[in-house]
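What follows is a single structure, written as structure tokens, with notes after it.
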Amino acid sequence: MESQETTTKRPQEEVNGNGDAINDQQSQEPASKRLRVEEPVVPDVAPQKTLRQKGVAPIKAEYLIVAPGQEGKVVIPDVVDDDAAEGRTAPTTQEAAAEESSGKGGKRKKAKGQNKERTFGTFSDAHRLCNSVAWTSEFSPRTCKFGDRCNGLHDIRKYLTEGRRKDLETFGGKCPLLEKFGRCPSGWRCLFVTSHMKEVTREDGRNELILLDASGNEATSSENGGEDGDEIQTGVVNIVPGNIKIDLSRKRVNFEKSEKYLEWLNKDTELTRKYFHKQKGDQDELVDYRAAYIEPPLKPSEKRRIYFGRETPVLAPLTTQGNLPFRRLCVELGAQVTYSEMALGLPLLQGQKADWALMKAHESEITPPCFDGPPIEGYDNSKDLKFSVQIAANVPWVAVKTTETLTRFLPHLRLIDINCGCPIDMIYKSGAGSALLDAQAKLERMIRGMNAVSEDIPITAKIRMGVRDDKFTAQKLVERLALGGEELRDVLGAPGCAAVTLHGRTRQQRYKSAANWSYIAETAALIKTFSEKKSSLADTIRETEERTLPNGGRMYFLGNGDCYSHIDYFDHVDNAKVDSVMIGRGAIIKPWIFEEIEKGQYLDKSATERLQYIEKFARYGMEAWGSDELGLNYTRRFMLEFLSFFTRYVPIGLLEHLPPSINERPPAYRGRDDLETLLASKDYKDWIKISEMFLGPAPPGFKFQPKHKSNSYEIEAEG
Ligand SMILES: Cc1cc2nc3c(=O)[nH]c(=O)nc-3n(C[C@H](O)[C@H](O)[C@H](O)COP(=O)(O)O)c2cc1C
């Protein structure tokens with residue numbers, strides 16, 4: 001079944017006329033229905049004779065920038081290192097969130113993880129304003145917890161003149177959060193505070209500075225926000241209260257279910273070892289495992305049914321890039337399923353704020369995904385939601401306990417996905433991520449255990465083709481995930497994996513060559529054969545409990561890798577026969593890929609439209625992280641990470657041939673206007689300029705270095 005071929009056949013190439021022609025192919029029917037058989041659209045423009053060169057984006061001659069003396073040559077640009085981009089590096093959204101919820105501007109955590117040297121400078125106020133006065137009128141501070149020992153400023157006037165930089169002029173000087181929420185959660189620290197404050201004269205003749213709400217009335221301090229940064233996030237769900245994180249950190253949370261299950265699992269693992277992996281010298285009599293087998297103390301509860309189909313394009317889990325504001329933008333543009341950034345199990349169990357912050361979702365992510373199909377027995381679309389979380393764990397106890405904790409404390413989860421693809425050394429060497437591809441029996445135990453404690457939340461896995469380029473192991477693994485290990489399947493039944501996503505690359509391969517869609521297609525075909533195996537097994541399984549199997553026993557299968565247009569998407573659904581496609585880098589480079597899929601057509605977005613997405617990111621970033629110095633510069637930092645991919649987009653109107661490919665790099669080119677040229681810049685200083693259009697001047701000392709610096713194959717990646 002294994003194949004070394006690199007791709008399924010790409011759809012026929014089109015000669016590209018202009019974007020308008022492409023945009024005009026409107027239809028009333030949803031693309032998911034309309035495009036069952038994809039006919040490439042050939043605009044009626046005479047083809048131009050330019051040969052397509054492998055790896056090079058075919059830019060129309062009139063947009064190429066040709067250096068003197070280089071006429072007729074195509075200069076191939078540097079390789080972009082996506083492996084480095086994918087690396088879990090500090091600082092991440094986790095760090096941002098940790099600082100934010102620590103009352104803003106408190107002690108900064110030491111950089112952890114890879115790429116520690118990537119610093120961004122510091123950007124807190126010159127003088128820290130004490131939380132006791134941060135959201136109150138001048139004369140009504142709250143009691144300061146630290147009393148005389150407090151080293152924060154308590155004098156609002158002094159803070160406004162000396163403690164911080166002056167207000168921003170972007171957004172017309174009006175606070176975007178006030179406009180959105182009717183009040184500003186950042187209080188006096190807001191960098192647009194002059195738009196929601198005034199000085200009033202009290203009856204006793206004293207002048208007091210007060211904060212205002214959107215109607216111009218005095219905002220009460222409870223309206224304004226609180227000391228726990230979490231409280232102030234409007235439109236955000238899955239906020240876990242501080243006291244629970246403290247209980248976790250002090251080991252005061254009981255994991256009754258997990259412990260019962262793990263006790264059984266240890267005994268069962270020992271039993272399995274004895275009877276199935278008998279070592280030389282083992283004296284025990286070989287008794288039938290079946291005879292010795294004891295039922296686990298917990299049976300999985302009935303799972304909420306999920307659905308993946310051609311109308312549900314999926315946004316991949318993306319460390320750093322897949323932050324809440326970005327996911328929100330993608331949902332707005334048509335992403336039907338979203339994943340949190342990968343969170344590590346152990347820090348979640350230790351109550352670490354940074355990892356719990358990754359579990360937050362925007363309210364738009366808890367709406368049901370699209371569902372066009374005929375009714376599916378047991379699937380209730382109105383109870384379904386878009387947001388899923390992804391965890392990494394290296395041993396069953398971490399996976400099981402993490403699942404129990406998430407199930408207990410997070411009210412809005414579509415499913416819990418276990419990362420079995422992360423290739424970064426730190427994760428791999430600990431036995432998590434892609435190391436699980438070579439520890440399949442352990443992974444099966446993890447998934448069974450997770451299922452036992454996850455109540456109605458389905459469990460899924462994201463895998464790669466294998467660890468090494470010369471040994472693809474994914475097909476063996478999907479069989480195990482669908483039916484259970486061969487030796488146990490007739491006793492235990494299926495492990496209950498509700499869906500598998502296969503990234504068509506190996507750990508060793510990283511992003512060096514194209515994703516292997518032939519292998520993905522073969523795997524999809526293989527999975528189809530499992531249902532027959534299942535029904536023949538049904539007679540032999542001790543207790544066939546359909547009830548306990550997710551989706552009535554159906555395991556959904558998603559393909560992943562290099563999807564860059566609706567053409568790729570529908571090609572994979574129709575020809576590789578995957579249920580849906582997960583999109584990673586394609587969504588960061590052009591988040592409107594989801595809109596293209598929905599409409600079933602190319603969308604030649606103008607530079608102005610693309611800039612509007614950046615503006616939205618600025619607004620969503622401030623809503624998530626605040627409009628104060630810290631929040632603004634987190635927004636800037638993640639905007640720059642976003643821009644490091646976004647500027648890789650080559651407008652399709654500039655291309656000689658379609659479909660565009662994510663693996664093609666453009667030679668130097670100019671855009672159709674100055675803004676388009678700016679949005680194609682590879683220079684991070686230009687990205688900072690773009691950020692300044694919305695977030696004002698970057699603070700002195702602000703630094704940014706993209707993770708995927710050209711040619712730096714420091715190769716650290718996560719999926
Ligand atoms: C910046 C970046 C961060 C990623 N983070 C994760 C992650 O946290 N978890 C995961 O399973 N995969 C992660 N991946 C892998 C993607 O989910 C996806 O599998 C991979 O990029 C291939 O899809 P694509 O070709 O559409 O980008 C990451 C990839 C990138 C580029």
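The values are calculated or read from the model by the stated rules, or taken from the named source; none is laboratory data. Computed from a predicted model, the values in this text were never measured in an experiment. No Cβ is skipped: glycine too gets one built from the backbone with ideal geometry, and neighbour counts run over all protein chains shown. For accessibility, only protein heavy atoms count, side chains too; no ligands or nucleic acids. Shrake-Rupley method; radii C 1.70, N 1.55, O 1.52, S 1.80 Å.
Please give the peptides 580-586, 549-555 ranked by average Cβ packing (other Cβ atoms within 10 Å per residue), highest first, as a rough proxy for protection.
The densest-packed peptide leads the list: 580-586, 549-555.
Enumerate the amide H contacts of Gln390 below 5 Å, restricted to partners 5 or more residues apart or on another chain; note that Pro and chain-start residues carry no placed amide H.
HN-HN under 5 Å from Gln390: Ser340, Ala343, Asp417.
Hey, can you rank 490-502, 519-531 by average C-beta count inside 10 Å, highest first?
Final packing ranking: 490-502, 519-531.
Please compute the length gained on full extension between Asp288 and Lys689, using 0.36 nm multiplied by the number of residues separating them and subtracting their Cα-Cα distance.
137.3 nm
Can you list, largest first and rounded to whole Å, the semi-axes you get for the stretch 423-573 by taking the square root of 5 times each eigenvalue of its Cα gyration tensor?
27, 18, 14
In whole angstrom, how long is each semi-axis of the equivalent ellipsoid of the stretch 601-642, when you take the square root of 5 times every eigenvalue of its Cα gyration tensor and sort them from largest down?
Working from the Cα gyration tensor, I get semi-axes of 25, 9, 8 Å.
When you count, for each residue, the other Cβ atoms within 10 Å and take the mean per peptide, how do 393-403, 357-367, 183-193, 662-672 rank with the highest first? Intermediate values should be presented prior to the final figure.
Details: 393-403: 24.5, 357-367: 22.5, 183-193: 26.6, 662-672: 18.0.
Peptide ranking by packing, descending: 183-193, 393-403, 357-367, 662-672.
If each of Asn266 and Arg252 carries a label point 7 Å out from its Cα toward its Cβ, how far apart are those two points in nm?
2.6
Report, to two decimal places, the Cα Rg of the stretch 280-431 normalised by 2.2 N^0.38 Å (N = number of residues).
Working it through for the stretch 280-431, the quotient is 1.28.
Please list 3J(HN,Hα) in residue order for the stretch 263-274, calculated via the Karplus relation 6.51 cos²θ - 1.76 cosθ + 1.60 where θ = phi - 60°; whole Hz, with x for glycine and proline.
Once θ is set to phi - 60°, the couplings for the stretch 263-274 become 4, 4, 4, 4, 5, 5, 5, 5, 4, 4, 4, 5 Hz.
What distance in nm separates the two pseudo spin-label positions at Ser382 and Asp574, each 7 Å out from Cα along the beta-carbon direction?
3.5
Cα convex hull of the stretch 419-509: mean projected area in nm², to one decimal? Numbers along the way, then the final one.
Numbers: hull surface 23.0 nm².
Projected area, direction-averaged: 5.8 nm².
Could you go through the stretch 401-412 in sequence order and give the Karplus-derived ³J(HN,Hα) for each residue, using 6.51 cos²θ - 1.76 cosθ + 1.60 with θ = phi - 60°, rounded to whole Hz, and x for Gly and Pro?
Along the stretch 401-412, the couplings run 5, 4, 4, 4, 5, 4, 4, 6, 9, 10, x, 10 Hz.
Which residue, chosen from Phe557, Ile614, Asn633, occupies the Cα position most advanced towards the positive end of the dipole of the stretch 484-641, where the dipole is computed from +1 (Lys, Arg) and -1 (Asp, Glu) charges on Cβ about the Cα centre?
Asn633
Using a 1.4 Å probe and counting only protein heavy atoms, arrange Phe642, Phe171, Phe255 so the residue with the most accessible area comes first.
The most accessible residue leads, giving Phe171, Phe255, Phe642.
Using the Karplus equation 6.51 cos²θ - 1.76 cosθ + 1.60 (θ = phi - 60°), what ³J(HN,Hα) coupling, rounded to whole Hz, does each residue of the stretch 172-181 give in order, writing x for Gly and Pro?
For the stretch 172-181, the Karplus-derived couplings read x, x, 9, 5, x, 6, 4, 4, 7, 9 Hz, x marking Gly and Pro.
Ratio of alpha-carbon Rg to the 2.2 N^0.38 Å globular estimate for the stretch 124-225, to two decimals, please.
In units of the globular-protein estimate, the stretch 124-225 measures up at 1.05.
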